[in-house]
Amino acid sequence: MEEKRISELREQLNYHNYRYNVLDDPVISDMEYDRLLRELEELEARHPEMDSPDSPTKRIGGEPMKGFRKVVHEVPMLSLNDVFSMEELVQFDARIARTLDSYEYVVEQKIDGLSVSLEYENGSFKRGSTRGDGHVGEDITANLMTIRSIPLRLKKDIEYLEVRGEAYLSAADFIELNERQEITGGKIFANPRNAAAGSLRQLDPKVAAGRKLSVFVFNVQQARGVTFETHSESLEWLKEAGFRVSPGYFICRGINEVIEAVEKIGLLRGNDDYEIDGAVVKVNNLAQREMLGETSKTPRWAAAYKYPAEQKETIVREIAVQVGRTGVLTPNAVFEPVRISGSLVSRATLHNIDYINEKDIRIGDHVIIRKAGDIIPEVVEVVREKRTGDEKTFVMPAVCPSCGSPVERGEDKAAYRCTGIECPAQQFRSIVHFCSKQAMDIEGLGPAIIDLLLKEGIISTIGDIYYLHEKRELLEKLGGLGKRSVSKLLDAIEASKNNDLDRLLTGFGIHHVGARAGRLLSANFRDLRSMMEAVAGDFAAIEEIGPVMAKSLAGFFANPQTRHLVGMLEAAGVNMESAEYGVERKGAFNGMTVVVTGTLPTMKREEAKKIIEDNGGRTASAVSSKTDLVLAGSDAGGKLARANELGIKVIGEEDFLRMLGKSPG
């Protein structure tokens with residue numbers, strides 16, 4: 001019976017996935033889709049004999065890979081010859097006319113992403129790879145399997161098929177990804193193309209699975225079991241097979257129709273949620289393509305018209321400051337609305353005060369703007385000759401516009417940051433960090449549940465977490481939770497009250513203060529209240545705490561929002577006393593400075609660092625002449641090389657465990 005249900009669920013999920021990710025026409029909610037997927041996961045776990053490489057559960061992402069294998073492209077993935085004017089397009093057509101008497105073109109959008117190859121055997125997805133240099137790419141099958149617009153099983157039977165497509169991120173998903181990266185301290189991507197490329201080159205497929213990539217397929221590279229006369233015929237066949245194909249293409253007879261199609265695509269830029277950087281012009285007949293041939297780098301039968309960046313003039317009416325989820329204040333220019341690249345633009349980020357000063361942007365200025373990569377509005381330059389003298393110089397605020405807490409300028413002098421721990425703009429990020437494994441470690445209170453609780457108004461600050469037991473009935477009615485899940489969550493919250501003080505300090509997310517500093521503070525102060533009474537000099541007296549960190553600590557504990565939060569936590573029974581105070585730690589690493597680098601076989605680096613510190617040692621992030629020992633795992637890189645250069649002793653995990661008196665394995 002369960003085996004039958006597995007087959008039913010796979011069929012349902014594949015259907016709904018096709019409706020959502022290929023047709024853009026879903027018929028069930030995301031929550032219902034996720035419920036069906038979870039049911040299938042549970043059933044497949046009970047029936048491993050029914051494992052299938054094209055099950056929808058394979059899109060979640062498997063185990064991390066060691067590296068990428070090389071793939072030799074049987075059919076080279078050539079780049080296109082770029083043209084930048086209509087005159088050059090006419091010249092391209094004239095070259096075609098010297099070989100062919102009668103012909104037609106297909107004109108398609110040129111989506112700015114990462115070119116990939118997808119291979120199918122007997123209708124099932126078998127391998128995916130990057131373009132690389134056109135002749136040799138990298139095997140990224142595991143990452144591509146996580147992309148829901150790529151069919152794992154075709155709707156048509158075919159012995160072998162290789163297609164070429166473009167992997168990309170939509171504008172909305174690009175912005176959401178950068179917001180998540182900001183929250184977690186990850187890399188901020190410059191544009192959607194870089195984000196797509198970075199996502200597909202992750203060794204852990206689960207990272208790619210969380211990035212919401214899509215793929216448009218635009219060419220049949222090779223096929224056995226089906227033949228085509230024209231490129232447009234192959235595109236229609238690919239649609240029927242279940243692919244999301246290059247949208248809105250034109251079949252053109254003559255260069256005048258080509259120019260008209262290129263102009264139409266140009267006018268539509270900005271209307272779609274993906275980035276277009278040009279239009280591709282291809283001879284439609286495949287036999288004629290063979291006649292025209294190719295150079296070592298580009299086909300003679302195709303050209304890519306690249307659109308110039310559209311620019312418009314407008315007026316800066318205001319510079320408004322937005323508080324991000326990490327507390328960073330970002331100035332935004334508010335414009336007189338102007339239509340550019342197909343959409344109305346009225347705002348653009350000005351990044352930071354250095355950017356404003358460098359471009360000398362003032363309130364009231366006439367400015368030239370454009371959309372970077374046709375997606376993100378940006379200020380190109382100020383039209384200084386139009387200044388009247390009434391323009392106003394912008395100054396960053398001294399207090400947070402969201403909560404009124406003092407604003408602190410970063411060491412780099414560019415970023416300004418709100419210091420309020422209860423600032424409404426920062427609550428999502430603050431609570432996620434507070435509940436994370438390295439801080440209070442509240443299992444079950446992850447980003448998705450925190451986001452839901454904030455949106456429903458059930459919590460608004462960190463302190464509210466410890467009063468959730470009073471809202472048990474409300475929690476049990478929330479989507480995604482149930483009685484059992486709520487019980488486990490409340491138990492985890494209750495257990496976290498007994499954490500050592502260093503975890504609470506880490507959870508506060510004090511600027512410049514990490515887990516190591518939290519342990520140092522716990523070893524030097526009896527309880528949290530004594531820290532709140534301390535001044536900067538008291539913190540600076542602790543070895544390893546410098547003046548910048550000391551100032552940050554003093555400012556944090558003096559903030560009224562901090563005192564309010566501590567009062568809430570204290571009233572809820574959260575531990576405020578240090579178990580580390582006055583404890584003299586001696587052990588295998590007593591008095592030693594140890595650097596941990598690389599990937600250890602069985603333990604995480606943070607775990608190893610804590611063991612070192614619990615056994616009398618001190619951990620450091622960089623190898624220097626003061627380093628006594630380096631614990632190195634695989635992919636240790638530059639730190640290992642530096643240790644060898646300085647003649648510092650290097651050990652692996654087995655030697656590390658022996659030093660602790662434990663048997664490896």
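Quick check on region 621-642: of everything there that is within 33 Å of the chain's Cα centre (by Cα) and of a type in the set (A, V, I, L, M, F, W, C), which residue is surrounded by the most Cβ atoms within 10 Å (Cβ to Cβ)?
Once the filter is applied, the top-ranked residue is L631.
Only one of these is surrounded by 19 or more Cβ atoms within 10 Å (Cβ to Cβ), in contact with a Lys or Arg (Cβ under 6 Å, 6 or more places away or on another chain) and part of a helix (DSSP H, G or I): S199, S234. Name it. Write out each step before concluding.
Numbers: S234 fails: in contact with a Lys or Arg (Cβ under 6 Å, 6 or more places away or on another chain).
Exactly one of S199, S234 is surrounded by 19 or more Cβ atoms within 10 Å (Cβ to Cβ), in contact with a Lys or Arg (Cβ under 6 Å, 6 or more places away or on another chain) and part of a helix (DSSP H, G or I), namely S199.
Any residue that is closer than 22 Å to G507 by Cα, under 26 Å from the mean Cα position of the chain (by Cα) and without any contact (Cβ under 8 Å) to a residue 12 or more places away in the chain - is there at least one of those in region 462-470? Reasoning before the result, please.
We begin by selecting, within region 462-470, every residue closer than 22 Å to G507 by Cα; these are 462-469.
Subsequent filtering for residues that are under 26 Å from the mean Cα position of the chain (by Cα) retains 462.
Now drop any that are not without any contact (Cβ under 8 Å) to a residue 12 or more places away in the chain, which leaves none.
No, there is no match, as no residue in region 462-470 is closer than 22 Å to G507 by Cα, under 26 Å from the mean Cα position of the chain (by Cα) and without any contact (Cβ under 8 Å) to a residue 12 or more places away in the chain.
Take the residues in region 517-553 that are basic (K, R) and surrounded by fewer than 22 Cβ atoms within 10 Å (Cβ to Cβ); name whichever of them is nearest to K586 (Cα to Cα). First the steps, then the outcome.
First, pick out the residues of region 517-553 that are basic (K, R): 519, 526, 529, 551.
Keeping just the survivors that are surrounded by fewer than 22 Cβ atoms within 10 Å (Cβ to Cβ) gives 526, 529, 551.
Values: R526: 20, R529: 28, K551: 31 Å.
Among those that are basic (K, R) and surrounded by fewer than 22 Cβ atoms within 10 Å (Cβ to Cβ), it is R526.
Do we have I431 as surrounded by 18 or more Cβ atoms within 10 Å (Cβ to Cβ), among the aliphatic types (A, V, I, L, M) and touching a Phe, Trp or Tyr at 6+ places or on another chain (Cβ under 9 Å) here?
On the way: surrounded by 18 or more Cβ atoms within 10 Å (Cβ to Cβ): yes; among the aliphatic types (A, V, I, L, M): yes; touching a Phe, Trp or Tyr at 6+ places or on another chain (Cβ under 9 Å): no.
So I431 does not fit the description; no.
Conditions (1) farther than 21 Å from S214 by Cα; (2) in the same structural domain as N219 (by TED's automatic domain parsing); (3) under 27 Å from the mean Cα position of the chain (by Cα), marked per residue:
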residue: L43; (1), (2), (3): yes, no, no
residue: P48; (1), (2), (3): yes, no, no
residue: E74; (1), (2), (3): yes, yes, no
residue: A97; (1), (2), (3): yes, yes, no
residue: S102; (1), (2), (3): yes, yes, no
residue: F125; (1), (2), (3): no, yes, yes
residue: S129; (1), (2), (3): no, yes, yes
residue: I140; (1), (2), (3): no, yes, yes
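Please specify each residue of region 489-521 satisfying the condition of being more than 25 Å from E408 (Cα to Cα) and in contact with a Ser or Thr (Cβ under 9 Å, 6 or more places away or on another chain). Please lay out each step first, then the result.
Here is the first cut: in region 489-521, the ones more than 25 Å from E408 (Cα to Cα) are 489-501.
Across region 489-521, the qualifying residues are D500, L501.
Does G342 satisfy being modelled with pLDDT under 90, under 26 Å from the mean Cα position of the chain (by Cα) and not β-branched (V, I, T)? Show your work before the answer.
On the way: modelled with pLDDT under 90: yes; under 26 Å from the mean Cα position of the chain (by Cα): no; not β-branched (V, I, T): yes.
Against the criterion (modelled with pLDDT under 90, under 26 Å from the mean Cα position of the chain (by Cα) and not β-branched (V, I, T)), G342 does not qualify.
Just for strands (runs of 3 or more DSSP E) wholly inside region 363-444: which have at least 1 residues that are of a type in the set (K, R)? Talk me through it step by step, then tell me what you get.
Working: elements: 366-372, 376-382, 407-409, 416-418.
Filter on region 363-444 gives 366-372, 407-409, 416-418.
Listed here are the residues, each with its yes/no results for (1) of a type outside the set (A, V, I, L, M, F, W, C); (2) at pLDDT below 90; (3) in a loop (DSSP other than H, G, I, E, B).
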position: S296; (1), (2), (3): yes, yes, yes
position: P308; (1), (2), (3): yes, yes, yes
position: E313; (1), (2), (3): yes, no, no
position: T326; (1), (2), (3): yes, yes, yes
position: V334; (1), (2), (3): no, no, no
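Out of the residues in region 42-77 that are modelled with pLDDT of 90 or more and surrounded by 15 or more Cβ atoms within 10 Å (Cβ to Cβ), state the one that is farthest from R201 (Cα to Cα).
Among those residues, the one meeting the criterion is P76.
Only one of (1) within 30 Å of G420 (Cβ to Cβ); (2) of a type in the set (A, V, I, L, M); (3) assigned by TED's automatic domain parsing to the domain that holds F216 is not met by I319, so which one is it?
Single failed check for I319: (3).
Among residues belonging to region 86-102 that are of a type outside the set (V, I, T), under 24 Å from E233 (Cα atoms) and out of contact with any strand residue (DSSP E or B) (no Cβ under 6 Å at 6 or more places or on another chain), point out the one that is surrounded by the fewest Cβ atoms within 10 Å (Cβ to Cβ).
The qualifying residue surrounded by the fewest Cβ atoms within 10 Å (Cβ to Cβ) is D101.
Check off (1) within 13 Å of I493 (Cβ to Cβ); (2) surrounded by 18 or more Cβ atoms within 10 Å (Cβ to Cβ); (3) in contact (Cβ under 8 Å) with a residue 24 or more places away in the chain for I450 and give me the number that stays unchecked.
(3)
Given the conditions (1) closer than 23 Å to I450 by Cα; (2) small (G, A, S); (3) modelled with pLDDT under 90, which single one is not true for G546?
Failed condition: (1).
The values are calculated or read from the model by the stated rules, or taken from the named source; none is laboratory data. The model shown is predicted, which means the values in this text are computed figures rather than measured ones. Backbone-built Cβ (ideal geometry, glycine too); neighbour counts: all protein chains shown.
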